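Q: Structure provided below as structure tokens; questions to follow.
The values are calculated or read from the model by the stated rules, or taken from the named source; none is laboratory data. Quick caveat, the model's predicted, so the values are computed rather than measured. Using ideal geometry, Cβ is built from the backbone for each residue, glycine included, and neighbour counts are taken over all protein chains shown.
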Amino acid sequence: MILPRAARAGCLALVGWLAACGGDSGSSTPPPHTVPVTLDQGPAALISSGTVAANAPFVSVTLCTPGSTTACQTIDHVLVDTGSVGLRIVHEALSGAAAPKPVTDAHSGLPLSECLLFADGFAWGSVATADVTIGGRAIPGLVFQIPGDPASGTAPNACSSGNGPDESTVAQFGSNGVLGVGYFLEDCGAFCASQVPSGGAPFYACSAGGGDQGCTAVTVPTANQPSNPIGQLSTDNNGIQLRFPPVAGDSATTVSGTLVFGIGTEDDNGLGSATLHPVDATDGTLSTSYGGTSFPSSVIDSGSTAYYFADSSIPECPGGGPGRGFYCPASTVARNATITGTSGPGVPVAFSVANAEQVFTAAPSAAAFPALGGPFGNLQLPSGTFDWGMPFFFGRSVFVVFENRSAGSVQGPALGF
Amino acid sequence: MTDPGLARGGGRTIFRKIRMLHRATLLGLLMLAPAARAALGENRASVQADSRALGAATPVVTSTERYELHESRTADGGVVRQYVNAQGTVFAVTWSARFRPNLQQLLGAHYAEYLSAARGHTTGHHVFSVTTPGFVIGIVQRPRGSAGTAHLPALLPAGMRAEELR
């Protein structure tokens, strides 16, 4: 059953969370511009590798062979990521039911592949199109990446050497794919349409087998780059909203939230009490003030597991334990910071950091952790980053206004909360 | 974690061999063999090699009481900074750029430690940090930008704190 818009809006006002308005009842269908988001321990191929997901918001995405409505596959456990742009489905997660169409280089006619860099590695794979459905909305001919696609052949040295390990399996990737819904409309944008970076080029045209012999770094028009799927919609395409309920205590087994397409474009996707903060148009960062220090290149990132920031007063967890890479204060600490856009007033944000080792040990079946923090090697990075990861999203509606689009009178890129 | 002593030893051996070669041959090797170059933990000369290999302009050198700062601009407008201590050894590298510099180039023999830790890293792809007694690295990777800091605590000049690295 689809509730009429007025009824949905009233329900939202009363209850606060769309998911609580019948999305979980099994008897109603969410409106087409909304998608249920679930935090759990991740896809089967991840769990069977001995790793479970933490603070990872997942959606399902359906891929169909271009032009077909029957040659399709629905892929679960695709990470919703405000910290990247574009859809990527790991090849291992594809059943073969849908046949994505390779995108080719206009000059050579050879298929395109992309080298996507992570902080902890890289993902090499083909660039292709498919007819994609997310929630109730279709995106025909969406350009996306298939990390680990054997058709890409071997990665050229410029990609595979000096960029860490290959992360192109589900176990390494941490999910079946990623739905990058960050500020930009394409992953690289105009720069890669006109220039090939001297080192670490993202796009290559490759003949069979790939490698240094077969691959040449190329420019790619923006229309052929993996693009922000929500920006490609014909309506509700000015941005997204992520809504999650608060998580009580230190952990939860599952959390259900909602990804909403569009901002102020439907009766039920307005800003509410949130305010919008413009972000840096070149790299999507804004400023955080914390502990007397300014972190000018801060990000709000649903793809980050924790609040990542430098605070030498909070001890790190022991390297050999389950909390490795996170903070382990003796008892939960409360902290305050201020987030400020490139214009407008700052907004104070209160948050907590719990002892990650104790939290993980106490709840081995949990998937959501609202007070998870982690260090940057106790350093302030050169660009000064405070990474507001997934814990920031619990109990909030967070809005992302895309570049070259606007929400009300505010021009994107902008962040709202 | 890979034994850092082993990794460093291997890098040093290769570097010594390269230094014996003719300069022109050296330049040719630098273009072909990224694994043979090193910066972090290596000597001042490697900074110049790094800059060429990264396609960056010749570094601007600033001297302070405790260290030399070699700052290079990369082709995409980014910056790579390499810190050299009084003994002439690169003890820290930092970068902030649209496109990430080659980490093997910047980290030299310590790249093996990064690689090993990154293989065991399962908590997200946008931030990464490792702190060991001998080697500290933090990386942030955004869709349109990369920033990072790596240093060798044992080689920090006396009285200098890692927080001073920019």
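Q: Select from region A:277-307 the residues that are surrounded by fewer than 24 Cβ atoms within 10 Å (Cβ to Cβ) and among the hydrophobic types (A, V, I, L, M, F, W, C) and list them in ascending order.
A: A:A281
Q: What are the pairs with Cβ atoms under 9 angstrom where one residue, in region B:98-113, is in a loop (DSSP other than H, G, I, E, B) and the other, located anywhere, is modelled with pLDDT of 90 or more and acidic (D, E)? Sequence gap at least six, or different chains.
A: B:R98/A:D283
Q: Given region A:326-417, what strands (runs of 3 or more DSSP E) lie entirely inside it while holding 1 or more residues that are within 13 Å of another protein chain (Cβ to nearest Cβ)?
A: Numbers: elements: A:333-340, A:347-353, A:397-401, A:414-416.
Of the strands (runs of 3 or more DSSP E) lying wholly inside region A:326-417, those with at least 1 residues that are within 13 Å of another protein chain (Cβ to nearest Cβ) span A:397-401.
A quick yes/no check of all residues on (1) within 14 Å of chain B (Cβ to nearest Cβ); (2) in contact with a strand residue (DSSP E or B) (Cβ under 7 Å, 6 or more places away or on another chain); (3) surrounded by 19 or more Cβ atoms within 10 Å (Cβ to Cβ); (4) outside any loop (DSSP other than H, G, I, E, B):
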position: A:Y183; (1), (2), (3), (4): yes, yes, yes, no
position: A:C188; (1), (2), (3), (4): yes, no, yes, no
position: A:F191; (1), (2), (3), (4): yes, no, no, yes
position: A:G200; (1), (2), (3), (4): yes, yes, yes, no
position: A:A205; (1), (2), (3), (4): no, yes, yes, yes
position: A:V220; (1), (2), (3), (4): no, yes, yes, no
position: A:G231; (1), (2), (3), (4): yes, no, yes, yes
position: A:I240; (1), (2), (3), (4): no, yes, yes, yes
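Q: Among the residues of region A:317-325, are any closer than 23 Å to A:P245 by Cβ, within 21 Å of the chain's Cα centre (by Cα) and buried (at least 17 other Cβ atoms within 10 Å of the Cβ)? Quick ask: steps written out before the conclusion?
A: Step one: filter region A:317-325 for residues closer than 23 Å to A:P245 by Cβ, giving none.
There is no residue in region A:317-325 that is closer than 23 Å to A:P245 by Cβ, within 21 Å of the chain's Cα centre (by Cα) and buried (at least 17 other Cβ atoms within 10 Å of the Cβ).
Q: Looking at region B:125-143, is at least one residue at pLDDT below 95 and in a helix (DSSP H, G or I)?
A: So far as region B:125-143 goes, no, none of its residues is at pLDDT below 95 and in a helix (DSSP H, G or I).
Q: Further question on the same structure: I'm checking my understanding of the structure. Among residues of region B:114-124 that are part of a helix (DSSP H, G or I) and at the interface with chain A (Cβ under 7 Å from one of its Cβ atoms), which one is surrounded by the fewest Cβ atoms within 10 Å (Cβ to Cβ)?
A: The initial filter retains those residues of region B:114-124 that are part of a helix (DSSP H, G or I), namely B:114-119.
Pick out the ones that are also at the interface with chain A (Cβ under 7 Å from one of its Cβ atoms) and you get B:114-115, B:118-119.
Working: B:Y114: 26, B:L115: 20, B:A118: 23, B:R119: 17.
Of everything passing the filter in region B:114-124, B:R119 is surrounded by the fewest Cβ atoms within 10 Å (Cβ to Cβ).
Okay, residues lined up against (1) under 14 Å from the mean Cα position of the chain (by Cα); (2) outside the structural domain of A:S227 (by TED's automatic domain parsing); (3) part of a helix (DSSP H, G or I); (4) basic (K, R):
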position: A:A45; (1), (2), (3), (4): no, yes, yes, no
position: A:T51; (1), (2), (3), (4): no, yes, no, no
position: A:L63; (1), (2), (3), (4): no, no, no, no
position: A:T74; (1), (2), (3), (4): no, no, no, no
position: A:V80; (1), (2), (3), (4): yes, no, no, no
position: A:G83; (1), (2), (3), (4): yes, no, no, no
position: A:L87; (1), (2), (3), (4): yes, no, no, no
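Q: Separate question: Could you check B:E164 against (1) more than 7 Å from chain A (Cβ to nearest Cβ); (2) closer than 20 Å to A:A56 by Cβ; (3) charged (D, E, K, R) and say which number it fails?
A: The number of the failed condition is (2).
Q: Still on this model: Would you confirm whether any residue within region A:169-179 is over 22 Å from A:P102 (Cα atoms), surrounded by fewer than 20 Cβ atoms within 10 Å (Cβ to Cβ), aliphatic (A, V, I, L, M) and within 13 Å of chain B (Cβ to nearest Cβ)?
A: The answer is yes, given that some residue of region A:169-179 is over 22 Å from A:P102 (Cα atoms), surrounded by fewer than 20 Cβ atoms within 10 Å (Cβ to Cβ), aliphatic (A, V, I, L, M) and within 13 Å of chain B (Cβ to nearest Cβ).
Q: Tally the residues that are farther than 15 Å from A:E403 by Cβ and assigned to a loop (DSSP other than H, G, I, E, B), restricting the search to region A:265-289.
A: Taking region A:265-289 and keeping what is farther than 15 Å from A:E403 by Cβ, we get A:265-275, A:287-289.
From what's left, assigned to a loop (DSSP other than H, G, I, E, B): A:265-275.
Total meeting the criteria: 11.
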